[in-house]
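Q: I am attaching a structure below and will ask some questions about it afterwards.
The values are calculated or read from the model by the stated rules, or taken from the named source; none is laboratory data. Note that the coordinates shown come from a computational prediction; the quantities given were computed from them, not determined experimentally. FYI the Cβ positions are ideal-geometry reconstructions off the backbone, even for glycines, and counts take in every protein chain you see.
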Amino acid sequence: MKTRWGILVTWAALLCCLTGCGKEVYIENQRFMVAEGIDFDEDKKLVIYTASPVFSREAKDRYKITSTTADTMRIGKKQLESQINGSFGPGKLQSMLIGKNLLQQTNVLPYLDVFFRDPKNEINANMIVVDGPVKEVMYADMRDKGQLGSVIKLMIESTYKGRISVLTTLQKFHQQLMDNTITPSITEMRVEKDDLVISGTTLLHKDGTYATSLNIQESSLLLLLQRNTNNPIPLTFHLPPEIFHSEEEMSYVSFNINKVKVNFKSKFEENHLTIDIRMKVQIDLMERMFTVDMEKQSKQLEQAVEDELKKECQAVIKKAQKHEVDPFGFGIYVRAHDYKNWKKVEDNWVETLSDATVNVSPKVSIKSTGVSE
């Protein structure tokens, strides 16, 4: 017993002699960048914006926006540090905003290089392309919404969960840009009457410059073609009114795609690529604004939805082909199924895809019509 008590006393004495690991850090003296944005000004100079929460009890604002003009992100950070009362705490970045104006003029990757070299930086931050000046987002009225960084993060993650936009982190963007089998796709945002709105998806060329944009409906179809179907994909179609003798303004049907089985085949014939995508699609009806006798006309409704789904999928693919991008990752499957021919086209894959014949053949079945039928 005495031995045991002796050991405990010895350990207690040693613990009392231990010192801290360093100088204490007060949270009110730290500036955690939760949102950062970059854009070009009228003179094509890089403008950097940061949003950081304010922890001081005396401060009236819940977050602070700082901005500077610099040649590089690293230089910009030093200049921003000279404007704040405290020091930047790295590794808390949640959102990285890129101005569309910058993307239309240059490859954004060199400006983001510092994030991939400095281990203190957060590469899991979500990327967002701003349709308009980044300044409009950073200085948007947040009085009835909350802190800017938290609001943007929640919007990006909730719209992705609802399958109306993509979700691309800095790390994923870097992978997409470096991989020959796919081109980057990034959530697009804009400001409408002082409100932040997710407007769709921005598609980039392989050189990191702006290619085109997809609206919300096209973004949902993009996720379908990417086989990103872990959550239901919502779609609304305007069917030809003559099919069910409905009025033009009432010929809408909405549904969720809950289960998809895809069969992907590719073949080269005299250097021309043909891709056949067959999909078995199970849907749940969520809204129908016209009258249908489901006992007699369910197959007719399935066929109408099937035809429209095929048409809209083909339109999204044609749009990507026109701008020579592959946000679907079709190259991943061509490489897996026909590696010999893939090696011949891997260095000019997007050009090959733009000239390819891509056929989408969905087979739709309605699994649920709701509780009212």
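To keep it simple, each residue is scored yes or no on (1) out of contact with any Ser or Thr (no Cβ under 7 Å at 6 or more places or on another chain); (2) of a type in the set (Gly, Ala, Ser); (3) on the phi < 0 side of the Ramachandran plot; (4) surrounded by fewer than 16 Cβ atoms within 10 Å (Cβ to Cβ).
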position	(1), (2), (3), (4)
Asp144	yes, no, yes, yes
Lys153	no, no, yes, no
Ser185	no, yes, yes, no
Lys193	yes, no, no, yes
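Q: Oh, and also: Among the residues that make up the stretch 110-125, is at least one of them farther than 12 Å from Ala35 by Cβ, out of contact with any Lys or Arg (no Cβ under 9 Å at 6 or more places or on another chain), modelled with pLDDT of 95 or more and not assigned by TED's automatic domain parsing to the domain that holds Tyr339?
A: No, because not a single residue in the stretch 110-125 is farther than 12 Å from Ala35 by Cβ, out of contact with any Lys or Arg (no Cβ under 9 Å at 6 or more places or on another chain), modelled with pLDDT of 95 or more and not assigned by TED's automatic domain parsing to the domain that holds Tyr339.
Q: Is it true that Thr357 is in contact with a Lys or Arg (Cβ under 7 Å, 6 or more places away or on another chain) and among the hydroxyl-bearing types (Ser, Thr, Tyr)?
A: It is false that Thr357 is in contact with a Lys or Arg (Cβ under 7 Å, 6 or more places away or on another chain) and among the hydroxyl-bearing types (Ser, Thr, Tyr).
Conditions (1) in contact with a strand residue (DSSP E or B) (Cβ under 8 Å, 6 or more places away or on another chain); (2) of a type outside the set (Val, Ile, Thr); (3) not in a strand (DSSP E or B), marked per residue:
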residue	(1), (2), (3)
Leu97	yes, yes, no
Asn101	yes, yes, yes
Asn107	no, yes, yes
Lys120	no, yes, yes
Ile156	yes, no, yes
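Q: Could you identify the single residue in Val316, Val358 that is aliphatic (A, V, I, L, M), outside the structural domain of Tyr210 (by TED's automatic domain parsing), at pLDDT 95 or above and not in a helix (DSSP H, G or I)?
A: Val358
Q: Next question. For Thr291, are the conditions met, namely being surrounded by 13 or more Cβ atoms within 10 Å (Cβ to Cβ), over 26 Å from the mean Cα position of the chain (by Cα), polar (S, T, N, Q) and not in a helix (DSSP H, G or I)? It would help to see each step written out before you state the result.
A: Working: surrounded by 13 or more Cβ atoms within 10 Å (Cβ to Cβ): no; over 26 Å from the mean Cα position of the chain (by Cα): yes; polar (S, T, N, Q): yes; not in a helix (DSSP H, G or I): yes.
Here the answer is no, as Thr291 does not meet what is asked.
Q: Restricting to the stretch 174-212, name every residue that is in contact (Cβ under 8 Å) with a residue 60 or more places away in the chain, part of a helix (DSSP H, G or I) and closer than 22 Å to Ile317 by Cα.
A: Residue satisfying the conditions is Leu177 alone.
Q: So, in the stretch 155-179, exactly how many residues are surrounded by 20 or more Cβ atoms within 10 Å (Cβ to Cβ) and of a type in the set (Lys, Arg)?
A: Residues meeting the conditions: 1.
Yes/no per residue for (1) at pLDDT 95 or above; (2) in a helix (DSSP H, G or I):
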position	(1), (2)
Ile275	yes, no
Lys280	yes, no
Met286	no, no
Lys296	no, yes
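Q: For the structure I just gave you, tell me whether Ala304 is assigned by TED's automatic domain parsing to the domain that holds Val360, of a type in the set (A, V, I, L, M, F, W, C) and within 23 Å of Thr201 (Cβ to Cβ).
A: When the stated conditions are applied, Ala304 does not pass them.
Q: Within the group Leu235, Leu177, Leu170, Leu223, which residue is in contact with a helix residue (DSSP H, G or I) (Cβ under 7 Å, 6 or more places away or on another chain) and not assigned by TED's automatic domain parsing to the domain that holds Ala125?
A: Only one candidate passes the filter, namely Leu235.
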